[in-house]
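S.K.: Have a look at the structure that comes next, please.
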Amino acid sequence: MYNAAGQLNKDQLVQRFAPLVKRIACHLMARLPASVLVEDLVQNGMLGLLDAIGRFQAGMGAQFEAYAVQRVRGAMLDGLRDNDWLPRSLRRNYRRIEVTISRLEQENGRAPTERELADALEMPLADYQKMLQEARGHQLIYLEDMISEGGEEYLEHHLADAGADPATILENETLRRELAQAIEGLPEREKLMMALYYEQDLNLREVGEVMEVSESRVCQLHSQAVMRLRARLFGTGGRKLGKAASYG
(Lines give C-alpha, C1' and ligand atoms only; values in the text may rest on other atoms or scores of the structure.)
Protein backbone atom coordinates (compact mmCIF):
# COMPACT_ATOMS: atom_id res chain seq x y z
CA MET A 1 0.00 0.00 0.00
CA TYR A 2 3.06 2.24 -0.18
CA ASN A 3 4.67 3.76 -3.28
CA ALA A 4 8.36 3.99 -4.10
CA ALA A 5 8.68 7.10 -1.94
CA GLY A 6 7.34 5.24 1.11
CA GLN A 7 4.00 7.07 1.05
CA LEU A 8 0.54 5.51 1.22
CA ASN A 9 -0.73 4.68 -2.27
CA LYS A 10 -3.97 6.62 -2.52
CA ASP A 11 -5.49 4.78 -5.47
CA GLN A 12 -4.84 1.33 -4.00
CA LEU A 13 -6.28 2.34 -0.63
CA VAL A 14 -9.43 3.74 -2.21
CA GLN A 15 -9.95 0.56 -4.20
CA ARG A 16 -9.30 -1.68 -1.20
CA PHE A 17 -11.49 0.16 1.31
CA ALA A 18 -14.40 1.20 -0.92
CA PRO A 19 -16.34 -2.00 0.06
CA LEU A 20 -15.80 -1.11 3.73
CA VAL A 21 -17.39 2.31 3.15
CA LYS A 22 -20.44 0.67 1.58
CA ARG A 23 -20.74 -1.83 4.43
CA ILE A 24 -20.67 0.94 7.05
CA ALA A 25 -23.34 2.82 5.08
CA CYS A 26 -25.59 -0.25 4.85
CA HIS A 27 -25.27 -0.90 8.57
CA LEU A 28 -26.28 2.66 9.43
CA MET A 29 -29.36 2.58 7.22
CA ALA A 30 -31.66 0.98 9.81
CA ARG A 31 -30.96 3.91 12.12
CA LEU A 32 -32.01 6.47 9.53
CA PRO A 33 -35.31 7.54 7.95
CA ALA A 34 -36.36 6.15 4.60
CA SER A 35 -35.61 9.50 2.97
CA VAL A 36 -31.86 8.91 3.43
CA LEU A 37 -30.27 7.21 0.44
CA VAL A 38 -27.45 4.74 0.91
CA GLU A 39 -25.72 6.34 -2.09
CA ASP A 40 -25.52 9.63 -0.17
CA LEU A 41 -23.96 7.88 2.82
CA VAL A 42 -21.45 6.16 0.56
CA GLN A 43 -20.55 9.45 -1.14
CA ASN A 44 -19.92 11.14 2.20
CA GLY A 45 -18.08 8.08 3.42
CA MET A 46 -15.76 8.13 0.42
CA LEU A 47 -14.92 11.74 1.25
CA GLY A 48 -14.08 10.56 4.75
CA LEU A 49 -11.89 7.80 3.34
CA LEU A 50 -9.97 10.30 1.20
CA ASP A 51 -9.59 12.53 4.23
CA ALA A 52 -8.27 9.59 6.24
CA ILE A 53 -5.72 8.78 3.54
CA GLY A 54 -4.56 12.39 3.52
CA ARG A 55 -4.26 12.64 7.29
CA PHE A 56 -2.98 9.21 8.28
CA GLN A 57 0.61 8.80 9.33
CA ALA A 58 2.13 5.36 9.69
CA GLY A 59 3.92 6.42 12.84
CA MET A 60 0.67 7.21 14.64
CA GLY A 61 0.68 3.76 16.20
CA ALA A 62 -2.72 2.89 14.76
CA GLN A 63 -3.72 0.62 11.90
CA PHE A 64 -5.04 2.49 8.87
CA GLU A 65 -8.29 0.54 8.70
CA ALA A 66 -9.26 1.40 12.28
CA TYR A 67 -8.46 5.06 11.63
CA ALA A 68 -10.35 5.04 8.32
CA VAL A 69 -13.48 3.57 9.94
CA GLN A 70 -13.62 6.50 12.36
CA ARG A 71 -13.15 9.09 9.60
CA VAL A 72 -15.70 7.39 7.31
CA ARG A 73 -18.38 7.19 9.99
CA GLY A 74 -17.68 10.75 11.04
CA ALA A 75 -18.05 12.00 7.46
CA MET A 76 -21.38 10.18 7.10
CA LEU A 77 -22.68 11.74 10.30
CA ASP A 78 -21.48 15.18 9.23
CA GLY A 79 -23.53 14.82 6.06
CA LEU A 80 -26.60 13.73 8.01
CA ARG A 81 -26.47 16.77 10.26
CA ASP A 82 -27.44 18.91 7.29
CA ASN A 83 -30.79 17.15 7.10
CA ASP A 84 -33.66 16.56 9.52
CA TRP A 85 -33.58 12.87 10.36
CA LEU A 86 -37.23 12.58 11.23
CA PRO A 87 -39.85 15.36 11.09
CA ARG A 88 -41.51 16.16 14.40
CA SER A 89 -44.94 15.45 12.93
CA LEU A 90 -43.88 11.86 12.27
CA ARG A 91 -42.42 11.56 15.75
CA ARG A 92 -45.84 12.50 17.14
CA ASN A 93 -47.44 9.74 15.07
CA TYR A 94 -44.93 7.22 16.35
CA ARG A 95 -45.46 8.42 19.90
CA ARG A 96 -49.13 7.56 19.40
CA ILE A 97 -48.10 4.00 18.54
CA GLU A 98 -45.86 3.83 21.63
CA VAL A 99 -48.72 4.95 23.88
CA THR A 100 -50.95 2.30 22.30
CA ILE A 101 -48.30 -0.37 22.85
CA SER A 102 -47.98 0.64 26.50
CA ARG A 103 -51.76 0.62 27.01
CA LEU A 104 -52.27 -2.80 25.40
CA GLU A 105 -49.38 -4.29 27.37
CA GLN A 106 -50.95 -3.08 30.59
CA GLU A 107 -54.38 -4.36 29.60
CA ASN A 108 -53.29 -7.78 28.30
CA GLY A 109 -50.13 -8.45 30.31
CA ARG A 110 -48.12 -9.23 27.16
CA ALA A 111 -46.67 -7.63 24.07
CA PRO A 112 -49.43 -6.83 21.55
CA THR A 113 -49.24 -8.29 18.06
CA GLU A 114 -49.09 -6.11 14.97
CA ARG A 115 -52.69 -7.01 14.17
CA GLU A 116 -53.81 -5.93 17.65
CA LEU A 117 -51.93 -2.66 17.32
CA ALA A 118 -53.40 -1.96 13.90
CA ASP A 119 -56.91 -2.65 15.21
CA ALA A 120 -56.35 -0.41 18.25
CA LEU A 121 -55.10 2.36 15.97
CA GLU A 122 -58.12 1.80 13.71
CA MET A 123 -56.13 1.22 10.56
CA PRO A 124 -55.60 -1.70 8.18
CA LEU A 125 -52.65 -3.95 8.99
CA ALA A 126 -50.99 -3.05 5.68
CA ASP A 127 -51.15 0.66 6.55
CA TYR A 128 -49.68 0.00 9.98
CA GLN A 129 -46.82 -1.99 8.47
CA LYS A 130 -46.24 0.80 5.96
CA MET A 131 -45.97 3.20 8.89
CA LEU A 132 -43.39 0.89 10.46
CA GLN A 133 -41.46 0.92 7.20
CA GLU A 134 -41.50 4.71 7.15
CA ALA A 135 -40.40 4.78 10.80
CA ARG A 136 -36.98 3.36 9.98
CA GLY A 137 -35.27 6.39 11.49
CA HIS A 138 -37.20 6.22 14.77
CA GLN A 139 -34.77 5.90 17.66
CA LEU A 140 -34.77 5.22 21.36
CA ILE A 141 -33.43 8.73 21.91
CA TYR A 142 -32.82 11.69 19.61
CA LEU A 143 -29.86 13.89 18.76
CA GLU A 144 -31.06 16.78 20.88
CA ASP A 145 -31.07 14.46 23.89
CA MET A 146 -27.49 13.37 23.38
CA ILE A 147 -25.36 16.45 23.93
CA SER A 148 -23.01 16.10 26.87
CA GLU A 149 -22.07 18.98 29.12
CA GLY A 150 -18.83 19.34 27.23
CA GLY A 151 -20.70 19.67 23.93
CA GLU A 152 -19.66 16.30 22.51
CA GLU A 153 -22.34 14.53 20.50
CA TYR A 154 -23.09 11.16 22.08
CA LEU A 155 -24.12 9.52 18.82
CA GLU A 156 -21.00 10.51 16.92
CA HIS A 157 -18.70 9.41 19.72
CA HIS A 158 -20.17 5.92 19.99
CA LEU A 159 -20.91 5.24 16.33
CA ALA A 160 -17.24 5.97 15.65
CA ASP A 161 -16.39 3.05 17.92
CA ALA A 162 -16.98 0.03 15.72
CA GLY A 163 -16.86 -2.31 18.73
CA ALA A 164 -19.33 -0.41 20.87
CA ASP A 165 -22.23 -2.47 22.20
CA PRO A 166 -25.18 -0.14 22.89
CA ALA A 167 -26.04 -2.12 26.03
CA THR A 168 -22.61 -1.38 27.49
CA ILE A 169 -22.39 2.34 26.79
CA LEU A 170 -25.34 3.37 28.91
CA GLU A 171 -24.04 5.59 31.67
CA ASN A 172 -26.60 4.67 34.32
CA GLU A 173 -26.69 1.18 35.87
CA THR A 174 -30.44 1.37 36.43
CA LEU A 175 -31.07 2.27 32.81
CA ARG A 176 -28.79 -0.52 31.63
CA ARG A 177 -30.79 -2.98 33.66
CA GLU A 178 -34.14 -1.61 32.48
CA LEU A 179 -33.08 -1.65 28.84
CA ALA A 180 -31.82 -5.22 29.15
CA GLN A 181 -35.14 -6.25 30.68
CA ALA A 182 -37.06 -4.45 27.94
CA ILE A 183 -35.04 -6.21 25.22
CA GLU A 184 -35.61 -9.56 26.91
CA GLY A 185 -39.34 -8.86 26.83
CA LEU A 186 -39.45 -8.36 23.06
CA PRO A 187 -41.23 -10.97 20.92
CA GLU A 188 -38.79 -13.67 19.84
CA ARG A 189 -38.49 -12.59 16.20
CA GLU A 190 -37.80 -8.98 17.14
CA LYS A 191 -35.31 -10.06 19.78
CA LEU A 192 -33.50 -12.23 17.21
CA MET A 193 -33.46 -9.36 14.73
CA MET A 194 -31.93 -7.00 17.30
CA ALA A 195 -29.29 -9.57 18.24
CA LEU A 196 -28.30 -10.17 14.62
CA TYR A 197 -28.13 -6.46 13.86
CA TYR A 198 -26.48 -5.11 17.00
CA GLU A 199 -24.52 -8.07 18.36
CA GLN A 200 -23.58 -9.93 15.17
CA ASP A 201 -23.12 -6.66 13.23
CA LEU A 202 -25.12 -7.86 10.21
CA ASN A 203 -26.70 -5.34 7.87
CA LEU A 204 -30.41 -5.37 7.00
CA ARG A 205 -30.04 -7.57 3.94
CA GLU A 206 -27.96 -10.11 5.85
CA VAL A 207 -30.43 -10.15 8.74
CA GLY A 208 -33.21 -10.79 6.24
CA GLU A 209 -31.31 -13.73 4.75
CA VAL A 210 -30.84 -15.31 8.18
CA MET A 211 -34.49 -14.79 9.14
CA GLU A 212 -35.74 -15.66 5.62
CA VAL A 213 -37.68 -12.42 5.25
CA SER A 214 -37.32 -9.40 2.99
CA GLU A 215 -35.11 -6.44 3.86
CA SER A 216 -38.22 -4.26 4.11
CA ARG A 217 -39.68 -6.68 6.67
CA VAL A 218 -36.50 -6.40 8.72
CA CYS A 219 -36.97 -2.61 8.68
CA GLN A 220 -40.50 -3.09 9.99
CA LEU A 221 -39.34 -5.43 12.75
CA HIS A 222 -36.60 -2.99 13.75
CA SER A 223 -39.02 -0.06 13.96
CA GLN A 224 -41.51 -2.15 15.92
CA ALA A 225 -38.82 -3.27 18.37
CA VAL A 226 -37.64 0.30 18.94
CA MET A 227 -41.22 1.43 19.59
CA ARG A 228 -41.72 -1.39 22.07
CA LEU A 229 -38.51 -0.43 23.88
CA ARG A 230 -39.54 3.21 23.99
CA ALA A 231 -42.97 2.21 25.33
CA ARG A 232 -41.32 0.17 28.08
CA LEU A 233 -38.74 2.79 29.03
CA PHE A 234 -40.80 5.94 28.56
CA GLY A 235 -44.25 4.56 29.25
CA THR A 236 -47.40 6.63 28.97
CA GLY A 237 -45.92 9.07 31.45
CA GLY A 238 -43.18 10.00 29.00
CA ARG A 239 -40.30 9.38 31.41
CA LYS A 240 -37.10 11.04 30.23
CA LEU A 241 -33.88 9.08 29.77
CA GLY A 242 -31.95 12.33 29.54
CA LYS A 243 -28.46 12.05 28.10
CA ALA A 244 -27.97 8.45 29.10
CA ALA A 245 -28.50 6.31 26.04
CA SER A 246 -29.23 5.55 22.43
CA TYR A 247 -30.19 2.27 20.83
CA GLY A 248 -30.98 3.76 17.44
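The values are calculated or read from the model by the stated rules, or taken from the named source; none is laboratory data. A quick note: this is a predicted structure, and the numbers were derived from the prediction, not measured. Glycine gets a Cβ as well: all are built from the backbone with ideal geometry, and neighbour counts include every protein chain shown. Surface accessibility is based on the protein's heavy atoms, side chains included, excluding ligands, DNA and RNA. Shrake-Rupley method; radii C 1.70, N 1.55, O 1.52, S 1.80 Å.
S.K.: Once label points are set 7 Å from the Cα along Cα→Cβ at both Glu65 and Glu215, what is their separation, rounded to one decimal in nm?
M.R.: Modelled inter-label distance: 2.4 nm.
S.K.: Let me ask something else about it. Subtract the Cα-Cα distance of Ala120 and Asp78 from 0.36 nm times their separation in residues, and report this length gain in nm to one decimal.
M.R.: Net length gain for the segment: 11.2 nm.
S.K.: Another question, if that's okay. In what sequence, highest mean first, do 112-120, 71-79 appear when ranked by Cβ atoms within 10 angstrom? Don't skip to the answer; put the middle values down first.
M.R.: Numbers: 112-120: 16.3, 71-79: 21.0.
Highest-to-lowest ranking by the protection proxy: 71-79, 112-120.
S.K.: Next up: Compute the distance in nm between two label points, each set 7 Å from the Cα along the Cα-to-Cβ direction, one at Asp40 and one at Arg110.
M.R.: Result for the modelled spin labels: 4.1 nm.
S.K.: If I ignore ligands, DNA and RNA and count only protein heavy atoms, how much of Phe56 is accessible to a 1.4 Å probe, in Å² to the nearest 10?
M.R.: 20
S.K.: Moving on to the next point. So, by mean Cβ neighbours within 10 angstrom, what's the order for 98-106, 11-19 with the highest one leading?
M.R.: Ranking, from highest mean packing down: 98-106, 11-19.
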